[in-house]
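Structure first, commentary second.
The values are calculated or read from the model by the stated rules, or taken from the named source; none is laboratory data. What you are looking at is a predicted structure, and each value in this text was computed from that prediction instead of being measured. Cβ coordinates were reconstructed from backbone atoms using ideal geometry, including for glycine residues, and neighbour counts include every protein chain displayed. Only protein heavy atoms, including side chains, enter the accessible area calculation; ligands, DNA and RNA are left aside. Shrake-Rupley method; radii C 1.70, N 1.55, O 1.52, S 1.80 Å.
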Amino acid sequence: MPSTLTEPTDRVDGSGNLPTAPRTPATAGVALRMERTAAQPLAGGDADTDPAAEPAVDLRDVSVYYGSFRAVKNITFDVPPNAITSLIGPSGSGKSTLLRAVNRMNDLIPGTRFEGEVLYHGENLYAEQVDPVEVRRRIGMVFQKPNPFPKSIYDNVAFGPRINGFRGKLDEVVESSLRRAALWDEVKDKLKQSGLALSGGQQQRLCIARAIAVQPEIILMDEPASALDPRSTLQIEELMSELKKNYTIIIVTHNMQQAARASDYTVFMNMGEDRAGYIVERSRTTDIFTNPKHQMTEDYVSGRFG
Amino acid sequence: MQPGASLRRDPSLATALRGTAARHRRERVIGAVLLGAALLTVVVSALIILSLFGGAVDFIRQIDLGTLFADGWYPRRGEFDLKTLVAGSLLVTGIALLLAVPVGLLSAIYLSEYASRRVRRIVKPILEVLAGIPSVVLGFFALTFISPVFVQRLNPGTSDFNLLAAGLGVGILTIPLIASVSEDSMRAVPAALREASYGLGARRLTTSVKIVVPAATSGIVAAVILGISRAIGETMVVAVAAGGSGGAQFTVDPFHQGQTITAAMASLATGTDRVAGATSAFQSLFFLGLMLFIMTFVLNQLGDIFVRRTRQQY
């Protein structure tokens, strides 16, 4: 794997309001976290994460409102680095809303209001002087429906680096991003073709490559496989477990098998009587599925409701 | 029991399945009426084109072909210099587009990407009211406001009547059309593409210019072509503000008086010129009409080709 991607690019530094210090030794940091993850016994019964590892992102008492309607309430949990955390729960429990709160995508919807804190390397991403654009450059997103730009495959991947003022060998970034998204071999001879000409599964991997190309630290995935056939779904899941070596992934999924197969940690959400989503239980995925603490969790994961 | 033995055919069902004669007749009548309506438009178009051709041929027969290349357009004197009118039309259209394309596109980007829902609800109808202003009013505005306040200040000594004021007036008329059609095509760009762009850390301007506008290219090209057709076909503004109702000298200077194809037709048809001078003056009207028709026809075809090509790209 080319090493170019693990190095921080110049665009990350300097311009942002966020402190760049934690980002600068990225190569070392990623390597360190990789060792830690590898050393962590996944099947441990303890729900708490390794206290030595700084969480990739830390949500504190988060509530999101659409107008006067509270969509999620008092959400607190931290996301361990270099692991996959899945958000599961019935429709309307606020999983997507919560996910989009992490990189401030909800800011784009008029009438949304946020309470609480999202801490990223100790900085509150909702602090007044924080620019959401800078947040989204560090916390990327893959959407439910594959949404490649109506541009060539190459231009899709190159879009992020280009708009972020990347100065370097764009060809290399495009190639390594496509390789990491396990798409390179399928498209290397047709990079000038439209991204829309690909199959659904390929389009979604293209979207993942596009997200990787800006070298985020965290990738949010909102039901990334729900519009795909089983084979493409499996490919995406394999890709995710490959990607977590270098990235922290948070995924919303309706598919409980997917959460069980692909994720290390699971957050189970439900809708309260006030129709606001809240967290019922958050644990290692194995515990949620084999040894849930709450009856409600057990009912949900065994398919008795939701 | 034998298979099929119990299958008794009901003759009344067979009749019922055939439907009633009255209903069949009604269907036929409806079909004929619709066909008639469609045919009517085709026939009317064909008749217009035929009469244009007929009149134009008469005109060419009547005149000395040398008069098509003179110093200016003076139908009363029997001087039918075509390049005067073509130059006038192109000049006015060019000036109009220089104003209407940037202003129209920027307003479209604002309305589609920047304005809140409330602002859009207020601004868009206002923009469409602008499109509803009668062009003779705008011609008057060009003559009494644009000309003295802008053109004559820009170039002192210009006559009240000039092509620049007329072109700007036509441009103002064209803005709402270009803004509205391109805004529609920008709003039709899926929100998912905008989200993808914002999710990659793009700013609003980057998203508008690099994602939304390219994705809406075909609609924007269509808007510009509609704008060109509108500007070329605009008559009253030019007739009022550009001067040269009796005729015009050949010019490519926007500070000059001038005449466009449409304005020349209007002044021919409104009477004064019809009686005076050579009789072929009236016939020239058909010839101009044919020219105008061919120009807009070619333009629309070009536009279609371009729109199709940009669509194929994606």
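Quick look at the values:
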item: Residue match in the range B:76-85 (condition: at negative phi, of a type in the set (S, T, N, Q) and at pLDDT below 85); result: no
item: Check on residue B:202, assigned by TED's automatic domain parsing to the domain that holds residue B:103 and closer than 17 Å to residue A:105 by Cβ; result: yes
item: Every residue from the range B:202-238 that is within 14 Å of chain A (Cβ to nearest Cβ) and outside any helix (DSSP H, G or I); result: B:202, B:203, B:216
item: Members of the range A:232-262 found to be β-branched (Val, Ile, Thr), within 15 Å of the chain's Cα centre (by Cα) and over 18 Å from residue A:96 (Cα atoms), listed by number; result: A:236
item: Residue tally, condition surrounded by fewer than 22 Cβ atoms within 10 Å (Cβ to Cβ) and among the β-branched types (Val, Ile, Thr), over the range A:204-232; result: 1
item: Any hit, the range A:59-68, residues being modelled with pLDDT of 95 or more and within 16 Å of the chain's Cα centre (by Cα); result: yes
item: Some residue of the range B:50-64 being in contact with a strand residue (DSSP E or B) (Cβ under 9 Å, 6 or more places away or on another chain) and open to solvent by less than 40 Å² (accessible area, probe 1.4 Å); result: yes
item: Contacts under 9 angstrom Cβ, first residue in the range A:218-247 being assigned to a helix (DSSP H, G or I), partner aromatic (Phe, Trp, Tyr), 6 or more apart; result: none
item: Within the range B:65-74, tally of residues that are out of contact with any helix residue (DSSP H, G or I) (no Cβ under 8 Å at 6 or more places or on another chain) and open to solvent by 70 Å² or more (accessible area, probe 1.4 Å); result: 2
item: Residues of the range B:161-201 that turn out to be surrounded by fewer than 24 Cβ atoms within 10 Å (Cβ to Cβ), part of a loop (DSSP other than H, G, I, E, B) and within 14 Å of another protein chain (Cβ to nearest Cβ), as a count; result: 3
item: Members of the range A:184-203 that are away from chain B (no Cβ under 12 Å), assigned to a loop (DSSP other than H, G, I, E, B) and open to solvent by 30 Å² or more (accessible area, probe 1.4 Å); result: A:188, A:189, A:190, A:191, A:199
item: Among the residues listed as B:107, B:116, B:112, the single one being within 14 Å of another protein chain (Cβ to nearest Cβ) and under 24 Å from residue B:210 (Cα atoms); result: B:116
item: Members of the range B:102-151 that are without any contact (Cβ under 8 Å) to a residue 12 or more places away in the chain and β-branched (Val, Ile, Thr); result: B:119, B:122, B:126, B:129, B:137, B:144, B:149
item: Positions within the range A:102-124 being open to solvent by less than 20 Å² (accessible area, probe 1.4 Å) and either free of Cβ contacts under 8 Å to residues at least 40 places away in the same chain or facing chain B (nearest Cβ under 8 Å) (or both), in sequence order; result: A:103, A:105
item: Residue within the range B:21-37 that is at positive phi and outside the structural domain of residue B:266 (by TED's automatic domain parsing) present; result: no
item: Single residue of the range A:150-166 satisfying the filter (out of contact with any helix residue (DSSP H, G or I) (no Cβ under 6 Å at 6 or more places or on another chain) and open to solvent by less than 30 Å² (accessible area, probe 1.4 Å)) that is nearest to the other protein chains (Cβ to nearest Cβ); result: A:159
item: Filtered residue count, the range B:75-90, keeping only those that are open to solvent by 40 Å² or more (accessible area, probe 1.4 Å) and either touching a strand residue (DSSP E or B) at 6+ places or on another chain (Cβ under 8 Å) or hydrophobic (A, V, I, L, M, F, W, C) (or both); result: 3
item: Tally, over the range B:167-194, of residues that are in contact with a Pro (Cβ under 8 Å, 6 or more places away or on another chain) and within 19 Å of residue B:138 (Cα to Cα); result: 1
item: Of residues in the range A:127-149 being touching a residue at least 40 places away in the same chain (Cβ under 8 Å) and surrounded by fewer than 19 Cβ atoms within 10 Å (Cβ to Cβ), the one farthest from the other protein chains (Cβ to nearest Cβ); result: A:129
item: Residue A:259 modelled with pLDDT of 95 or more, open to solvent by less than 10 Å² (accessible area, probe 1.4 Å) and either in contact with a Ser or Thr (Cβ under 7 Å, 6 or more places away or on another chain) or assigned to a helix (DSSP H, G or I) (or both); result: no
item: Scope the range A:219-242; condition within 12 Å of chain B (Cβ to nearest Cβ) and in contact with a helix residue (DSSP H, G or I) (Cβ under 7 Å, 6 or more places away or on another chain); matching residues; result: A:219, A:220, A:222, A:227
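Yes/no matrix, rows are residues, columns are (1) under 27 Å from residue B:230 (Cα atoms); (2) touching a Cys at 6+ places or on another chain (Cβ under 7 Å); (3) polar (S, T, N, Q):
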{"position": "B:129", "(1), (2), (3)": "yes, no, no"}
{"position": "B:136", "(1), (2), (3)": "yes, no, no"}
{"position": "B:147", "(1), (2), (3)": "yes, no, yes"}
{"position": "B:161", "(1), (2), (3)": "yes, no, no"}
{"position": "B:178", "(1), (2), (3)": "yes, no, no"}
{"position": "B:202", "(1), (2), (3)": "no, no, no"}
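Residues are listed down the side, and each one gets a yes or a no for (1) among the hydrophobic types (A, V, I, L, M, F, W, C); (2) modelled with pLDDT of 95 or more; (3) on the phi > 0 side of the Ramachandran plot:
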| position | (1), (2), (3) |
| --- | --- |
| A:107 | no, no, no |
| A:118 | yes, yes, no |
| A:139 | yes, yes, no |
| A:165 | no, no, yes |
| A:189 | no, yes, no |
| A:203 | no, yes, no |
